[in-house]
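Reviewing the structure listed below.
Please treat every number below as a calculation from the coordinates, not as lab data. Just so it is clear, the structure is predicted and the values come from calculations on it, not from any experiment. We place every Cβ from the backbone using ideal geometry, glycine too, and count neighbours over all the protein chains shown.
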């Protein structure tokens with residue numbers, strides 16, 4: 001069972017292979033900023049299953065959560081900040097290697113990546129965010145694979 005560095009390496013491998021594969025299949029035109037964003041989402045997905053335990057991965061993840069929540073508060077988006085804070089606490093409600101280490105969580109956890117833009121920008125915007133959902137899910141899958149869940 002790898003630590004956070006191993007999961008980051010696995011997530012990075014999946015991100016690079018996914019981007020290279022998408023370019024070779026003609027699904028993706030090389031855009032460094034978009035590629036960096038997709039890689040970031042993949043790395044966050046690779047760390048997410050372990051946010052329910054005291055680890056460096058958890059510290060990194062919650063630092064990102066805190067910055068996003070602070071940004072929402074500064075922008076006076078208090079309702080969104082409250083929802084974000086609630087969802088950020090959910091992993092602590094289970095035991096380690098509990099629900100966060102399940103195949104269904106790999107599909108459900110990143111759904112806000114599609115749902116929030118649909119709610120805020122309209123259903124027609126969802127297609128632009130599918131690559132980010134897939135990237136997060138790919139990173140999540142890499143974590144579960146490295147932990148021997150499949």
Exercise. If you work out Rg/Rh (Cα atoms, Kirkwood Rh) from the coordinates, which of (i) 1.59; (ii) 0.94; (iii) 0.97 do you get?
Worked result: (iii)
For this session: Tell me what the chain gives for mean residue ellipticity at 222 nm when only DSSP H runs of n ≥ 4 count, each as -39,500 (n - 2.57), the sum divided by the residue total, rounded to 500 deg cm²/dmol.
Result: -23000 deg cm²/dmol
Problem set entry | Mean Cβ count within 10 Å, highest first, over the residues of peptides 11-24, 72-85 | 11-24, 72-85
Exercise. With labels modelled as points extended 7 Å from the Cα through the Cβ direction, what inter-label distance (nm, one decimal) is found for residue 55 paired with residue 130?
Worked result: 3.1
Seminar exercise, completed: Binned at 5 Å starting from 0, the alpha-carbon pair-distance distribution of region 27-107 in whole percents comes out as 3, 14, 18, 21, 19, 14, 9, 3, 0
